[in-house]
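What follows is a structure written as structure tokens; I'll ask about it next.
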Amino acid sequence: MAITRINQFQASAGNEENMPAFLRSLVPYISGSPGCISCEVLSNDDNPSECIVLERWESKDAHRASVANFPQKDMQAAGILFAASPKGWYYSSVAE
């Protein structure tokens, strides 16, 4: 069963434009990862310093594998863009 991953990001002061640009730059990597169904970066209309990355995956394991394979040096360098550590949750469809 496919899962949805919602990741929440808050930009640090002065990075309200840089953070979303960085997140958008990750979309080709995420979308090209095995098991990824879709990936989209969304900006909060009421708070432009807040974004979510909405991902659909074939499984939690597929998502976890993509994160494990992402270059950690790139994420560490981007750390200054974030006001706090990103948060993320998995969601599954509710059976009817």
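When the Debye formula is applied to the Cα atoms of region 48-96, each taken as the same point scatterer, what base-10 log of I(q)/I(0) results at q = 0.18, 0.26, 0.32 Å⁻¹?
Here the Debye-derived log intensity ratios amount to -0.78, -1.21, -1.28.
Using a 1.4 angstrom probe, figure out how much accessible area the chain has per residue, in square angstrom, rounded to the nearest whole.
63 Å²
Quick one: with all protein chains in place, what share of the accessible area of the chain is carbon or sulfur, to the nearest percent (1.4 Å probe)?
With neighbouring chains kept in place, the figure for the chain is 53 percent.
Follow-up question, since we're still on this one. Let me check I've understood the local charge: for residue 50, count other residues with C-beta under 12 angstrom from its C-beta, Lys and Arg +1, Asp and Glu -1. What total comes out?
For residues surrounding residue 50, the net value is -2.
Using a 1.4 angstrom probe on the protein heavy atoms only, line up 53, 94, 67 by accessible area, largest first.
94, 67, 53
Residue by residue, what Karplus-based ³J(HN,Hα) values in Hz, rounded to whole numbers, does region 36-41 have, using 6.51, -1.76 and 1.60 with θ = phi - 60° and x for Gly and Pro?
Along region 36-41, the couplings run 7, 9, 6, 8, 8, 9 Hz.
Quick one: divide the alpha-carbon radius of gyration of the chain by 2.2 N^0.38 Å and tell me what you get.
Ratio of Cα Rg to 2.2 N^0.38 Å: 1.09.
The values are calculated or read from the model by the stated rules, or taken from the named source; none is laboratory data. Worth saying up front: this structure is predicted, and the values here are computed from it rather than measured. Cβ: placed from backbone, ideal geometry, glycine included. Neighbour counts: every protein chain shown. Areas reflect the complete protein model, heavy atoms only, side chains present, ligands, DNA and RNA absent. Shrake-Rupley method; radii C 1.70, N 1.55, O 1.52, S 1.80 Å.
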